[in-house]
Each structure stands twice: as structure tokens, then as C-alpha cells.
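In what follows, a structure is listed as C-alpha cells, so that the remarks can point back to it.
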Amino acid sequence: MLKRLLPLLLLPGVALGGELQTAVHTEASLLLPYVSRSKPVGDIFFNIPWDQPSFQFWRAYYRKRSNRLRLYAKVDAFKVFYPMVSKIFREEGLPPDLALLAIIESNGNPAAVSKAGAAGLWQLMPYTARRLGLRVNRFIDERFDVEKSTRAAARYLKLLHSMFGRWDLAIAAYNAGPGTIKERLRKLGADQFWDLTKLPNETLNYVPKFYALLSVVKEHRLLERPVKDRLVKVKVTTRTALYSLSRTLKVPYQLLRLYNRQYRRGIVPAGYSVYLPLSFVRSSHLVKYLKGQEVYAYTPRRPVKLSVLARRFGVSLKLLKEVNRIRGKYVYRGRTVLIVKLPSEERFNERG
């Protein structure tokens, strides 16, 4: 089938022959229980283009054993970010399945940089990122911030969908730019991506590649497998060096830097956050406190009483000492401490 579909790759408007069309529809009907063919979030629906040759080509590509294994590895690596990304997409009224577009964009790697200068999980160019409200300067590049860049990408995709009214066109516009898609629609009098021609080859492959990846991920229930890792977010309350955070979190500096490339000078301003997979933490003592809790980092400029710090953040003095393994009454200048906020009932029990 792969050889039969190859010549049709760049001809998205070509219809399938009778025998092949029957086979495709049979396959689609068998997979419907596994694929969210039209799963609504608000008024938004996804439709898998089963009858499109370019979709079938990429689907066959991903189902080839070597490519499938590579895809599994990418999805497994991305799953540490998926809960955050899908949550943001839901909050913005987008289909959570659209989060898989990050695998097409950057292989699910928040530190990715393209030859053209696009960066981050969503491969945003500097100009586009600034228009979406992200900071891109010599000190901070928020394209690498998983949470902020995802929020920006979600709002951009939502805007594109409102412009074109279809997800295939919105996804194509994310890749090629809305101006390019509008021009081709106008010239051809078309109303869907599959009728467009003379687009960049990257865009002609981009949309069917995404739908093919989505179908394979759903078919094999890759996102339903247990997640071996989770993403930890640490809110930084005072200007702090990444190196100091790496020592406190017991994480190798280079790994922490890799997942937080937004801080170009290695300095995290007050009010910003750092992200890291929990598996990076080399202290089992800390791991139990970082699981699913609100975590803050604080670096004093002068000695501060731990009791004062505990009251300021509304946490137990006993817990504050235990997390940071401090025996004395003070935390001294330059030492970064972690403040872990337990659920309110647990804090009440701690105080009682």
C-alpha cells in the first residue's frame, strides 16, 4: 500500500479508488472505538481524514515497525509534559488531542531550536512569540517556557480556528502562516485543506502527518499507558541562580538548564518558575515532598528566621525544617530553601 500511495503524497485532492476506498473505510470503522473522531470540547470537533491518500501514506509510515518504535519513544518522552499541555488546551477551549501537534513541531522537546530560528515546544519564531505576548530578549526567551509557550500556542491556534472555521486549515496556517493559506483558498475557491495545491511541501505533509500520528497514538492507546515520570513546577519567589536551584533540588545543573533554557543568563527572576521531570531529582528525601505539591523556592538576601519564613508562606515550621534538613533557627544569605505547601487539611494536622 505504501508504494501505491507514495505518488499521491503531494496531491491531497485526489480521491481513492474503489477497492482502496473500501479498505480504508473498513479500517476506519475498526478503529473508531480507539480514535476520538469527533470528540467535542466546547464546539470544537476533530475529524480524521480516512479517505485522504496523504493521510494514509503517513499512517502507513508510522505503522512501519522502526518508525512506530521511534514514535513510541517520542510519545513516552512527551508524556511528562502532556498533562500540563492538555490542561491548558482544555482551559482555552481546544481539543486535548491537538497537544500532539507538539510532537510534529519539536519531537516534544521544549529545548528544540530549528535552523530557521524557531524555538521551544511549539517552534515559535521570535516575532510571532512577541506578538503572542511572550518575552524574547537577551535575558529571557519565553518560547522555551513550557507553560507560557503552550498558553500562547493554544491562543494562536484558537485564533486561527476562528479565522478559518476548520481544524485542517488552522493547523496548516500554524505551519505556513494564515496569509499563505488565505491566498491559496482565494485563488482556488477551496474551503478545506485537502483541496489546496502549490503549498510548501512541508505544509502539504504537515497536516496529514499530524492526523496520521493522532490515529496511531489513539489506536495503540499510547497516552493511556502509565506515566513513569511527572513534571515538577517550582515557583521562584526571589531572584535566584539556576545553579543554586540545582544544588537545592539535587538535580544536575546541565539537566536543569536544558529544561529551562528560557533563562539565557542562568538567572531566574522573582515570580518566574522552573520545570523539571521528577526523575531528575537525585534525593529520595526530596522526591516524596515534590510529588503533586505546591513548591516555592526562596533565597534570602540576609539571615532570616525560619519561624518568620514559615509564617510568611503559611507552612509548618517543622515541615520547613524537615524538607530542607535545617537544624538551626535561621536560613542564611545565599542559601536557597524549598517551601512545600501541603493541602490545607494536612497543614492543619501539622499545626495541630
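Please work out whether the range 71-151 counts as rounded, prolate or oblate from its C-alpha gyration tensor, where a ≥ b ≥ c are the square roots of the eigenvalues and a/c under 1.5 means rounded, while otherwise a/b larger than b/c means prolate and anything else oblate?
Values: a/c = 2.07, a/b = 1.34, b/c = 1.55.
Since a/c reaches 1.5 but b/c is at least a/b, the shape of the range 71-151 is classed as oblate.
Evaluate 2.2 N^0.38 Å with N set to the residue count of the range 157-215, then give the Cα radius of gyration divided by it.
Numbers: Rg = 10.5 Å, N = 59, 2.2 N^0.38 = 10.4 Å.
In units of the globular-protein estimate, the range 157-215 measures up at 1.01.
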- Phi-derived 3J(HN,Hα) across the range 167-179 with the Karplus relation (6.51, -1.76, 1.60, θ = phi - 60°), rounded Hz, x for Gly and Pro, is 6, 5, 6, 5, 5, 4, 5, 4, 7, 9, x, x, x
- Task: With the Cα gyration tensor of the range 170-312 in hand, give its eigenvalues times 5 under a square root as the equivalent ellipsoid semi-axes, listed largest first in whole angstrom.
- Result: 46, 20, 13
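Can you compute the equivalent ellipsoid semi-axes for the range 231-351, i.e. the square root of 5 times each eigenvalue of the Cα gyration tensor, sorted largest first and rounded to whole Å? Don't jump to the answer; show the numbers that get you there.
Numbers: eigenvalues 102, 56, 31 Å².
Over the Cα atoms of the range 231-351, the ellipsoid semi-axes are 23, 17, 12 Å.
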- Coarse-grained scattering of the range 104-261 at q = 0.13, 0.19, 0.20 Å⁻¹, given as base-10 log I(q)/I(0) from a Debye sum over alpha-carbon atoms: -0.75, -1.28, -1.35
- Note on the structure: By Cβ neighbour count within 10 Å, fewest first, VAL337, VAL80 rank VAL337, VAL80
- Non-local residues with an amide H under 5 Å from the amide H of LYS329, with H modelled 1.01 Å from N and Pro and chain starts lacking one, are none
- Message: What are the ³J(HN,Hα) couplings of the range 192-202, residue after residue, when phi is run through the Karplus curve with 6.51, -1.76, 1.60 and θ = phi - 60°? Round to Hz, x for glycine and proline.
- Response: 8, 4, 5, 9, 7, 10, 6, 8, x, 3, 4
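Give me the net charge of THR150's neighbourhood, meaning all other residues with Cβ under 14 Å from the Cβ of THR150; Lys, Arg count +1, Asp, Glu -1. Walk me through the numbers before you get to the answer.
Numbers: positive: LYS87, ARG90, ARG143, LYS148, ARG151, ARG155, LYS158, LYS233; negative: GLU91, GLU92, GLU105, GLU142, ASP145, GLU147.
So the surrounding residues net to +2.
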- Query: Residue by residue through the range 108-117, which ³J(HN,Hα) values in whole Hz follow from phi under the Karplus form 6.51 cos²θ - 1.76 cosθ + 1.60 (θ = phi - 60°), with glycine and proline marked x?
  - Reply: x, 10, x, 9, 5, 9, 8, 5, 7, x
- Task: Would you mind ranking PHE139, PHE57, PHE144, PHE280 by Cβ crowding within 10 Å, fewest neighbours first?
- Result: PHE139, PHE280, PHE57, PHE144
- Note on the structure: Expected sort for THR299, THR197 with the fewest Cβ neighbours (10 Å cutoff) up front is THR197, THR299
- Message: Please compute the alpha carbon radius of gyration of the range 267-327, then divide it by the globular-protein estimate 2.2 N^0.38 Å. Two decimals is fine.
- Response: 1.21
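Since every read-out is calculated from the coordinates, none of them should be taken as a lab result. The structure presented is a predicted model; accordingly, all values stated were derived computationally and were not measured. Neighbour counts run over all protein chains shown; Cβ positions are idealised from the backbone, glycine included.
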